[in-house]
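Worksheet: the structure to be examined is printed underneath.
The values are calculated or read from the model by the stated rules, or taken from the named source; none is laboratory data. In this text the structure is predicted, and so the values were computed from the model without any measurement. Methodologically, a virtual Cβ is constructed for each residue, glycine included, from the backbone with ideal geometry; neighbour enumeration extends over all protein chains shown. Each accessible area value is taken on the protein alone, full model and side chains, heavy atoms only, with ligands, DNA and RNA left out. Shrake-Rupley method; radii C 1.70, N 1.55, O 1.52, S 1.80 Å.
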Amino acid sequence: MVNLLDELYKYFGFRQFRPGQEQVIQNLIARHHTLAVLPTGGGKTLLYQLYGAISHQRVVIVSPLISLMQDQVSRLQYLGSKHVVALTSTLDFKQRWAILTHLQDYQFIYVSPEMLSNPKVIAYFRQLSVGLFVIDEAHCISEWGPDFRPDYLRLGQIREQLNRPLTLMMTATATQQIQKDILSKLGFASQDVQKVVLPVDRPNIFLSAKMCENQKSKNQLLQSLVSKLNGAGIIYFSSKSQAEQTALTLNRQTGKRVMAYHGGMDSQPRFRIQQQFMNDEIDVICATSAFGMGIDKDNIRFVIHYHLPSSIQNYVQEIGRCGRDQQPSLAILLYEPNDHYLQTHLIENNFPEEGLLQYLYQHPDKLTGNDAFKVIKYYYDQHYSFEKIQKTFRLIQQHRLTELNEMLAYVEATGCRRASILSHFNEQISPTLNPKYCCDHHYDFWRSWETFNDQYLKKTPITNLKSRSNWRTILDRLFLLKN
Amino acid sequence: MNSADLFFIFCDDQQFRRAKAIKNILIGRRTVSNLYWALEYNLLDYVDSLHGINFDDIDHTLHRLQQQKLLLLDDQMRVKLTTSGMMKRQQILSKLLPLKYLKIASQYDVSRFLQRFVFATQIVSEYSYSNRKYYPQSISFFEDQLIKKWFIQNKGQQLPELFHQLLTDFLNWVNRDDLATILVESLSGHHFSGKTEEQISNQQQVSPLVIQICWRQLYSCLLLEIFKKKVNEPLTALTTNLRRPIISNSSRQTYDLFIHHPEESTAIIASKRRIKITTVYEHLIEAAIFLPISQFPFQRLINPQIMDKLEFNQPALLGEWSYRDAVNKIPQLQFFEFRLYQILRRKQVNGKST
């Protein structure tokens with residue numbers, strides 16, 4: 001019998017598991033397929049990494065986050081695994097070929113679902129013995145979820161082709177409907193799979209939202225909050241350009257070190273900003289939702305949403321990036337009336353207009369090779385008639401608008417915000433929760449947020465960048481010389 | 001990236017220069033038209049030296065600079081600097097190493113070398129602290145393999161001392177603290193994250209483009225410094241496969257066929273190479289632009305009578321002579337002949353002036 005705590009210490013130097021981790025690994029060791037719904041920052045990477053270390057078997061991880069997959073590789077390497085590779089469409093032909101012909105050299109293989117759908121690629125994978133098949137962000141398989149990826153629907157079939165390896169499905173938030181959807185789309189009967197579903201609630205995160213009159217007053221409030229809130233923070237935006245612009249302004253106005261970060265950045269600046277944030281050399285990051293996937297920073301004290309998130313699920317995921325150290329942390333959602341239109345517009349733009357849809361149905365060759373038409377191609381390949389696809393899109397669009405309205409209802413809530421979020425996941429507030437540290441319904445946060453800040457949010461030690469300005473000193477510190 | 005400083009660096013107050021062509025020359029869009037303008041503006045040595053930089057909308061930038069009276073802009077988006085523009089030019093150039101060092105980035109893939117060197121520095125730095133637990137940088141698969149292999153083969157060679165010495169000697173040679181800081185801030189290693197170009201540009205009060213050019217120049221010189229070392233030195237392995245051909249490989253093949261088989265027409269060459277005849281012409285123009293006059297048989301391609309007519313009709317500003325005007329005077333003139341004639345004369349003028 002393996003002592004998991006000993007193994008955890010041996011491989012990672014940790015003395016205890018985070019909630020849910022041990023149960024998932026025990027399930028895997030007992031060869032039970034597992035669905036793990038663990039909150040953001042719950043340590044999902046460690047699940048398969050430790051299993052791989054203990055079992056010495058190969059782990060294939062399907063992940064949709066192509067632009068961040070290399071970060072995941074770095075993260076695994078950071079945690080001590082060396083034989084790691086990512087196989088995505090961003091590689092050129094030669095690179096892809098070199099990796100495919102040496103797949104057996106790697107213990108951890110990240111692969112995008114698109115890549116696995118390619119018959120030539122799957123042929124290489126079939127020659128391997130796969131000890132664990134991990135489906136990360138498993139909610140992408142659900143057509144009803146905001147992140148639906150048609151290629152995920154092939155994963156059930158791919159799993160069959162790989163001789164049904166032991167499977168771990170992971171996601172941070174999934175309603176019961178989406179959990180069911182994940183299992184059925186992957187071809188599992190409910191009784192074949194062990195579920196480890198942790199509560200969504202994070203009692204150390206205080207919840208608040210503010211209706212601002214207009215964008216100007218929202219900007220003023222943001223500036224004031226960023227100037228005074230203690231500790232590291234993330235501000236989420238719906239657009240890259242807004243994130244960049246606000247980072248510049250806050251940098252000038254607040255005396256804090258603020259930088260933008262988003263998936264569209266080149267890898268080197270992204271790496272530097274990640275590292276600076278981890279080393280407390282940057283106070284605040286203005287990010288799009290791409291941020292945080294490769295980051296494991298425990299002491300983020302606040303998350304502010306400048307734009308309305310598209311759903312409660314996304315909101316819960318994003319605020320989950322603060323307070324991983326279990327210390328008091330703060331989630332703030334800023335809202336002004338136009339935000340609703342922005343999100344509605346984004347949702348509407350996500351769906352093709354009738355004219356375009358009709359054109360594509362008449363010219364199906366145009367559906368191939370264009371990422372923007374992937375979902376349409378999926379339905380076309382499933383022999384959906386033009387009327388049926390239109391109806392389906394209308395239904396999904398309606399579903400998204402309903403989710404957005406739920407988000408809006410959260411902002412406008414006159415009752416307990418925590419109860420409002422938890423009801424979405426069929427959860428209830430823990431009876432042990434301190435009502436004074438819950439949300440701005442129970443505590444007059446907006447009148448006394450500065451007091452709240454002083455009382456609860458810990459400052460991070462200041463790292464002064466200027467102290468290292470001499471290039472000779474930097475070189476001396478970069479290379480520790482033995483003599 | 002904002003392109004404003006590009007025009008200060010690569011334009012002057014003597015000649016109207018095509019803004020778009022300048023940008024394209026520097027980022028390496030090797031169309032024959034761009035290459036011709038590179039010849040005309042004496043920028044052939046800088047082709048592709050700013051490879052990989054994404055510039056934003058240059059029209060908007062140029063109109064802003066025109067409003068600020070830093071440059072003159074004509075209706076063909078050609079640029080000439082004003083007196084204030086020339087002063088600005090001097091300011092920017094004073095922040096850089098002498099511009100000639102950027103030419104090295106046209107001959108070698110310096111941005112690839114930069115990525116390799118920065119990654120190697122991180123590995124060596126962490127190694128010097130015996131730290132195995134760190135986030136390695138993400139670079140392309142083959143580069144990653146190359147650096148890891150290099151490190152495994154050389155880690156017994158006192159790499160921390162070697163890197164420290166190399167960089168100290170090099171930056172002493174550069175002999176400017178501002179540039180030395182710009183270089184070391186591009187590195188990262190043990191408990192040192194480095195800075196982004198945006199952060200350094202704020203600190204140094206210059207544009208991000210100037211930081212990029214400084215990096216290209218500094219890493220170009222560093223690359224040459226490593227080339228001077230013995231072949232079996234650990235650092236030389238970081239410089240493999242960085243050489244760039246002056247003439248593209250495909251153009252070189254066409255040119256070789258043309259030179260070694262004088263009996264074959266361009267149509268036969270096109271069929272042998274399985275390319276269009278117009279592509280053969282483009283390849284030959286590229287060769288004519290880059291090679292010395294003595295190595296390119298202009299006379300074989302320009303009919304002597306046409307050559308006489310071209311000489312008779314050419315205006316004083318040959319570069320600005322349009323094919324349309326020329327063909328009005330010489331109806332049987334082909335564009336290919338016209339362009340080759342311009343190249344020949346420009347090269348003759350450049351040869352006399354140097």
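Whole Å is fine, so just give me how far the alpha carbon centre of the stretch B:201-220 lies from that of the stretch A:114-139.
The stretch B:201-220 and the stretch A:114-139 have Cα centres spaced 43 Å from each other.
Just to confirm my numbers, what's the Cα centroid distance between the stretch B:281-354 and the stretch B:133-196 in Å?
The stretch B:281-354 and the stretch B:133-196 have Cα centres spaced 48 Å from each other.
Quick one: 3J(HN,Hα) in Hz for the stretch B:175-189, Karplus 6.51/-1.76/1.60 with θ = phi - 60°, rounded, Gly and Pro as x.
6, 9, 5, 5, 6, 4, 5, 4, 6, 5, 6, 7, 8, 8, x
So if I place +1 on the C-beta of Lys and Arg and -1 on the C-beta of Asp and Glu, and nothing else carries charge, what would the dipole magnitude of the protein assembly as shown be about its Cα centre? I want it in debye, nearest 20.
1640 debye
Can you give the FRET efficiency to the nearest 0.05 for A:Gln245 and B:Asn172, using r as the Cβ-Cβ distance and R₀ = 30 Å?
0.15
A:Lys185: which aspartates and glutamates have alpha carbons under 18 Å from its alpha carbon, excluding same-chain residues fewer than 8 sequence positions away?
Straight-distance partners of A:Lys185: A:Glu114, A:Asp136, A:Glu137, A:Glu143, A:Asp147, A:Asp151, A:Glu160, A:Asp381.
Length gain on complete extension for the stretch A:Gln177 to A:Gln157, per 0.36 nm per residue less the alpha carbon to alpha carbon distance?
Full extension from A:Gln177 to A:Gln157 adds 5.0 nm.
What FRET efficiency do you get for A:Gln191 and A:Gln215 if R0 is 60 Å and r is their Cβ-Cβ distance, rounded to the nearest 0.05?
Taking R0 as 60 Å, the efficiency between A:Gln191 and A:Gln215 is 0.70.
With Kirkwood's inverse mean 1/r over C-alpha pairs for Rh, give me the Rg to Rh ratio of chain A, two decimals please.
So for chain A, dividing Rg by the Kirkwood Rh gives 0.96.
Local charge sum around A:Leu229 (other residues, Cβ-Cβ under 12 Å, Lys/Arg +1, Asp/Glu -1)?
+2
Helix B:208-227 versus the longest principal axis of chain B: what is the Cα-based angle in degrees, 0 to 90, to the nearest 10?
Roughly 80 degrees, rounded to the nearest 10.
What is the extension gain from A:Tyr124 to A:Leu401, computed as 0.36 nm multiplied by their sequence separation minus the C-alpha to C-alpha distance, in nm to one decimal?
Result for the pair: 95.5 nm of gain on full extension.
Once the Cβ-Cβ distance between A:Leu198 and B:His60 is put in as r, and R0 is 35 Å, what FRET efficiency do you end up with, to the nearest 0.05?
0.10
Per DSSP H run of at least 4 residues, take -39500 (n - 2.57); add these up for chain A, divide by its residues and hand me the 222 nm value, nearest 500 deg cm²/dmol.
When only DSSP H runs of four or more count, the value is -13000 deg cm²/dmol.
Where Rh is the Kirkwood radius over the Cα pairs of the stretch B:28-152, the temperature 37 °C and the viscosity 0.692 mPa s, what D in µm²/s does Stokes-Einstein return?
Translational diffusion coefficient: 180 µm²/s.
Provide the gained length on full extension for the span B:Gln68 to B:Asn241, in nm with one decimal, where the gain is 0.36 nm per separating residue minus the Cα-Cα distance.
Value of the extension gain: 57.9 nm.
Straight-line reach only, C-alpha to C-alpha below 25 angstrom: list the lysines that B:Lys309 could link to, leaving out same-chain residues fewer than 8 apart.
Reachable lysines: B:Lys329, B:Lys347, B:Lys352.
Would you mind getting the accessible area per residue of the stretch A:4-197, heavy atoms of the protein chains only, 1.4 Å probe, in Å²?
In whole numbers, the stretch A:4-197 has 40 Å² accessible per residue.
Using a cut-off of 24 Å between alpha-carbon atoms, which lysines can reach A:Lys10, once sequence neighbours fewer than 8 places away in the same chain are excluded?
Cross-link targets: A:Lys44, A:Lys82, A:Lys297, B:Lys133.
Which stretch or stretches of the stretch A:331-357 have amide N atoms under 17 Å from the point lying 7 Å from A:Lys366's Cα along the Cα→Cβ direction?
A:351-357
How far is it, in nm, from the label point at A:Leu4 to the one at A:Ser184 when both lie 7 Å from their Cα along the line to the Cβ?
3.0 nm
In nm, give the distance between the simple-model label positions of B:Asn328 and A:Lys374, each being 7 Å from the Cα along the Cα-to-Cβ direction.
That separation, rounded to one decimal, is 5.5 nm.
Could you give me the ³J(HN,Hα) list for the stretch A:150-167, computed from phi with Karplus coefficients 6.51, -1.76, 1.60 and θ = phi - 60°, whole Hz, x at Gly and Pro?
Going residue by residue, I get x, 4, 5, 5, 7, 5, x, 5, 5, 4, 4, 5, 8, 6, 6, x, 4, 10 Hz, with x marking Gly and Pro.
Please state, rounded to one decimal and in Å, the Kirkwood hydrodynamic radius that the stretch A:126-232 gives when every pair of distinct Cα atoms enters the mean of 1/r.
It works out to 17.3 Å.
Which value, in debye to the nearest 20, gives the size of the charge dipole of the stretch B:110-239 about its Cα centre, when Lys and Arg are +1 and Asp and Glu are -1 at the Cβ?
Dipole of the stretch B:110-239, to the nearest 20 debye: 460 debye.
Tally Lys/Arg at +1 and Asp/Glu at -1 over every other residue whose Cβ is under 12 Å from the Cβ of B:Arg339; what's the total?
-2
In whole Hz, what ³J(HN,Hα) sequence does the stretch A:112-117 give by Karplus (6.51, -1.76, 1.60; θ = phi - 60°), x for Gly and Pro?
7, x, 4, 5, 5, 7
Relative contact order for chain B: what is it in percent, counting Cα pairs under 8 Å that are at least 6 residues apart?
Relative CO of chain B lands at 16 percent.
Tell me the net charge near A:Cys438. Cut-off is 15 Å between Cβ atoms, A:Cys438 excluded, with +1 for each Lys or Arg and -1 for each Asp or Glu.
Summing Lys and Arg as +1 and Asp and Glu as -1 gives 0.
Report the residues of the stretch A:317-361 in range of a label on A:Ser89: point 7 Å along Cα→C-beta, backbone N strictly under 20 Å from it.
Under cut-off, by backbone N: A:350-353, A:357, A:360-361.
Quick check: pseudo-label points 7 Å beyond the Cα along Cα→Cβ at B:Lys229 and B:Phe142, how many nm apart are they?
Result: 2.3 nm between the two label points.
Charges only on Cβ, +1 for Lys and Arg, -1 for Asp and Glu: so what's the dipole of chain B about the Cα centre, in debye to the nearest 20?
460 debye
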